[in-house]
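J.: Dropping a structure here in structure tokens format, bear with me for questions.
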Amino acid sequence: MEKSKEIKLGAILSYVVIGLNMIIGIFYTPYLTRMLGQSEYGLYSLVASVISYLTILDLGFGNAIIVYTSKYLAKNDKENENKLHGMFFIIYVIIGIIAGIIGAILVCNVERLFGNSMNAEEIAKAKVLMQILTFNLIITFPLSIFGSIITAYEKFIFNKLVNIVRILIMPLIMIPLLLMGYKSVALVILTTILNVVCLLINMIYCVKKLGVKLKFKGFDFKLLKEIFAYSFFIFLNSIIDKVNWSLDNFILGTISGTVTVAIYAIAQQFNNMYLSFSTAISGVLLPKVAKMEANNCSDEEFTNIFIKTGRIQYIVMALIITGFVIFGKYFITLLYGESYETAYYMACILMIPVTIPLIQNVGLNIIQAKNKYQFRTVVFFFIAIANVMVSIPLAKLYGGIGAAMGTGLSLIIGQVIIMNVYYQKKIHINIIKFWKEILKMSIPVVICFALGLFSYKIIGNRGIIVFILEIVVYAAIYSLLMWNFGMNLDEKNLFKRMVNIALKKGKKQHDWNKRQE
């Protein structure tokens, strides 16, 4: 019951995190872009994207820590668990040093990389930003092990609460700094400080609350070989993800300059928020799926969790993507100005194809737990290469729109067509049954989208108040249609339980406040 509570509240808090990120995206990020200026915001986005490539040095070990710690917890094998954590801490220290060396090399070659599209001032600032972010990464690697351990222990509530505090603190400190004239350098310094503090809090929680110990004796090379075989294809997959989601910034930075990167970064921001809505649920299921595999659960049981999770995700994702297609253009220009209008088209090109893999995210957890990541990674590796080959000429012809088109095409071929066949044939997930369920749920979605699009074309943009009312009415009609014609009894009961939990917590808070008075 306690584990179930952690999973449910963890998923709820994940949506709280997403909601906060959306609020910050609506109010703080547009303010940040205006205060930094389009060019400097593009520079910051480009440098952050380049340094983020170094996170692939994780080699897929983060997921391996979660899976193997979960298995040791299921067996109550504390000795081997401590050895596992000690071994990975040493490995991550080494990886952090390697990241520092590569980061230093990048700093020394900024002019060679971006000299054609940046002026001298931008190059000098890019070097400073790279140095700070590289230091951030050096510290992050060894301490990140504790975040993975917390996930393996299924302590999602603590994990999400720390994240919520971090999200709230960032703009509260950064806004005064912006008003005092500080810009991108102050932003990355603050990001680094908050990151290190949160990592240290995770470490203290693991040691004091969970009783985690790092045992450095008895380095198990046989186990490391087994884990590396498991992690290798996850590592390759992380490279592929970086190519698909981050390389466009690099391509545009070398071809078009920082202004185009800034516009594309806004499109990516909306796409990232969209991605996070899906992973809020699947992100807390990896330990559970790993234990299902350890307990030799049947293909039917895996199919059931695949369909159950996919349906819940589809309820949320369909509302977001249809709403964005209808209202997104005006929303982006309202927040960022007319100069960012093309970000809407870039975002649509990225978000629409990714909807299908997002509602099937739990499938990634299943193939990770079953250690069958190889096929997906090999296929995606070649598709990522094709993405680069297509995106470069498209970016030269159409700028950010072209780069987004290359990424969107690769998503359709790899994550939609090929992966659905693989789930059916090799993982034995009943994909046909899954799509029958999704198609039945799509009837109210199509009706609502058609009504929303038609009414928006008639009403148009009549000011912010009318715009907000249009969104509220659209969400209300969608919810009504989905409740009556899309959701099953279990999903309705789940929603009712979530509402009851929220109401009980609100009542307890109200009673406590009255006692204080």
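J.: Quick one: if the Förster radius is 30 Å, what FRET efficiency do LYS436 and TYR15 give, using the C-beta to C-beta distance and rounding to 0.05?
T.: 0.65
J.: Just need the relative contact order of segment 90-159 here, percent rounded to a whole number, with Cα pairs under 8 Å and 6+ apart.
T.: 45
J.: When the helix-only estimate is applied to the chain (DSSP H runs of n ≥ 4, each -39,500 (n - 2.57), divided by the residue count), what is the mean residue ellipticity at 222 nm, nearest 500 deg cm²/dmol? Before the final figure, lay out the partial values.
T.: Numbers: 21 runs with 438 residues, N = 517.
Helix contribution divided over all residues of the chain: -29500 deg cm²/dmol.
J.: Quick one: which of 416-424, 113-121, 402-410 comes out on top by average Cβ neighbours within 10 Å, and what's the full order, highest first?
T.: 402-410, 416-424, 113-121
J.: While we're here: Of all accessible surface on segment 83-181 at a 1.4 Å probe, what whole percent is carbon and sulfur?
T.: 70
J.: Among LEU469, LEU358, what's the order by accessible area (1.4 angstrom probe), most exposed first? Before the final figure, lay out the partial values.
T.: Values: LEU469 105, LEU358 10 Å².
Result, largest first: LEU469, LEU358.
J.: For the pair LYS222 and ARG34, how long in nm is the line joining their label points, each one 7 Å along Cα→Cβ?
T.: Using points 7 Å along Cα→Cβ, the separation is 6.4 nm.
J.: How long is the gain from ILE105 to ASN272 if the chain were fully straight, where each residue apart is worth 0.36 nm and the alpha carbon distance is subtracted?
T.: Roughly 57.2 nm would be gained on extension.
J.: Now for a different question. Restrict the search to segment 183-274; then list the trypsin sites (Lys or Arg not before Pro) that DSSP places in a loop and that have at most 15 other Cβ atoms within 10 Å of their Cβ.
T.: Within segment 183-274, the qualifying trypsin sites (Lys or Arg not before Pro) (loop, at most 15 other Cβ atoms within 10 Å) are LYS209, LYS213, LYS217.
J.: Any idea of TYR44's accessible area? Nearest 10 Å², probe 1.4 Å.
T.: For TYR44, the solvent-accessible surface is approximately 50 Å².
J.: A further question follows. Return the carbon/sulfur percentage of the accessible area of segment 346-425, one whole number, probe 1.4 Å, all protein chains in place.
T.: On the way: 2290 of 2950 Å².
After summing per-atom areas, the C and S share lands at 78 percent.
J.: Going by accessible area, probe 1.4 Å, with all protein chains left in place, what is the ranking of LEU20, LEU161, largest first?
T.: Most to least solvent-accessible, the answer reads LEU161, LEU20.
J.: Could you put TYR344, TYR330 in order of accessible surface area, largest first, with the 1.4 Å probe and the full protein assembly present?
T.: TYR330, TYR344
J.: Please identify which residues in segment 356-379 have an amide N closer than 18 Å to a label point set 7 Å out from the Cα of LEU453, following the Cα→Cβ vector.
T.: Hits in segment 356-379 for LEU453 at 18 Å: 356.
J.: Here is a further query. List every DSSP H helix in the chain whose Cα atoms extend 30 Å or more along the helix's own long axis and whose mean Kyte-Doolittle hydropathy is at least 1.0.
T.: In the chain, the long hydrophobic H runs are 78-108, 120-143, 156-179, 184-208, 374-398, 431-459, 464-485.
J.: Using the basic label-point model (7 angstrom from Cα toward the beta carbon), what is the MET180 to LYS78 distance in nanometres?
T.: 4.7
J.: LEU210 to GLN424: FRET efficiency via 1/(1 + (r/R0)^6), r the Cβ-Cβ distance, R0 35 Å, to the nearest 0.05?
T.: Efficiency, from the Cβ-Cβ distance: 0.35.
J.: Let me cross-check TYR345: its accessible surface, 1.4 Å probe, with only protein heavy atoms counted, in Å² to the nearest 10?
T.: Approximately 90 Å² of TYR345 is accessible to the 1.4 Å probe.
J.: So for segment 397-451, considering every pair of alpha-carbon atoms, how many percent are separated by more than 14 Å?
T.: Value for segment 397-451 (Cα pairs over 14 Å): 69 percent.
J.: Roughly how many Å² is the accessible area per residue of the chain, as a whole number, for a 1.4 Å probe?
T.: Result: 46 Å² per residue.
The values are calculated or read from the model by the stated rules, or taken from the named source; none is laboratory data. Computed from a prediction, not measured in an experiment: that's the story for all the values here. Cβ coordinates were reconstructed from backbone atoms using ideal geometry, including for glycine residues, and neighbour counts include every protein chain displayed. The area values use the complete protein model at the heavy-atom level, side chains included, leaving out ligands, DNA and RNA. Shrake-Rupley method; radii C 1.70, N 1.55, O 1.52, S 1.80 Å.
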